[in-house]
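Inspection log for the structure reproduced underneath, given as structure tokens.
FYI, it's all coordinate maths here, none of it is from the lab. The shown structure was predicted, so the numbers you read here are calculated from the model rather than taken from an experiment. Every residue, glycine among them, receives a Cβ derived from its backbone with ideal geometry; neighbour counts consider all protein chains shown.
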Amino acid sequence: MAKYAFLFLDDGVDYQTAPTPEQQKVYADIFKWFETNGDKITDGGAELQPTRTATTIRHRNGKATVVDGPFIEAKESVGGFSILELPDKSAAVALAKTWPGYGIEVRPIGDHREGE
Amino acid sequence: MAQYVLMLLEDDDWVNKQPREEKERGYAQINKWWEDLTKTGVVKGGEELQPRRTATTVRRVNGSMKVTEGPFIESKESVGGFSIIEAPDRAAAIAIAKTWPGFGIEIREIVEQRPREG
């Protein structure tokens, strides 16, 4: 078994103001997905506020610069994450395909970085 | 108190162009940061991710899930890990993020922390 981070992707549409019935169904399906796969989740992680609330800090030449906004402006962004334990990468990708939301970036987790 | 996620940012130059000793020193400082802030109860959890070249992305395209190799976005900077922290407010979270010995951090407030096990 190995651990994988599921980075839940946001497609840039703001659902929080007035969700349509279809969006409400997606939310209900996501809730159900977490229930169904609870036995594989080792850390529930978190759901994040939208990127417009983000603050980014970078260290350059020994100084910290603070800017409002995410580290990269793009239509897609990370909206949350969870950690799951699964047999291998293909099992992780197969499970990610059952996600009722927009998308997932699957990233392996390891105690030691590959090739470093 | 509020909870924030610190998305730990990597920069390709930081990872690839630094001399080995410099990088090892950086990792040692990062380990110490985790230990110290976990001890004081500021850091509530987190994970380090494998490099973004190991990522696979799944997206809904015209109703079906499409699989592509690689991260959801290719850029010089990328997410290399997460840390969940507790802080009185955003200004305090920013002050904590400024102490991070690595390249950078994107701070995001948490809507809801999901249960550790479903």
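A convex hull fitted to the Cα coordinates of segment B:1-72 yields 127 cubic angstrom per residue. Per residue of peptide B:78-87, the mean number of Cβ atoms on other chains within 10 Å of the residue Cβ is 3. In sequence order, segment B:35-43 has phi-based couplings of 4, 4, 6, 6, 4, 7, x, 6, 8 Hz under the Karplus curve 6.51 cos²θ - 1.76 cosθ + 1.60, θ = phi - 60°, and Gly or Pro positions carry x. Sequentially through segment A:65-72, phi angles give Karplus couplings (6.51, -1.76, 1.60; θ = phi - 60°) of 10, 10, 10, 6, x, x, 5, 9 Hz, Gly and Pro residues having no value and appearing as x. Selection among A:86, A:36, A:69 by position relative to the dipole of the protein assembly as shown gives A:69 as farthest towards the positive end (Cβ unit charges, Cα centre). Taking GluC sites (Glu not before Pro) across segment B:63-108, the ones in a DSSP loop with at most 12 further Cβ atoms lying within 10 angstrom of their Cβ are B:74. Across chain B, the longest run free of exposed loop sites, meaning trypsin sites (Lys or Arg not before Pro) lying outside DSSP classes H, G, I, E and B with no more than 14 other Cβ atoms within 10 Å, spans B:18-75. Rg then Dmax, both in Å and based on the Cα atoms of the protein assembly as shown: 17.3, 56.
Under 5 Å from the amide H of residue A:9 lie the amide H atoms of A:79, A:103, A:104, A:105, each residue being 5 or more positions distant or on a separate chain, with H modelled from the backbone and absent for Pro and chain starts. Under a 5 Å amide H cut-off, with hydrogens placed 1.01 Å from N, residue A:69 pairs with A:54, A:55, A:56 among residues at least 5 apart or on other chains.
Put simply, segment A:2-108 fits an ellipsoid with semi-axes of 27, 20, 11 Å; these come from the alpha carbon gyration tensor as the roots of five times its eigenvalues, largest first. For residue B:39, which aspartates and glutamates qualify as cross-link partners when the Cα separation must be under 14 Å and same-chain residues fewer than eight apart are set aside? Straight-line reach from residue B:39, under 14 Å: B:86.
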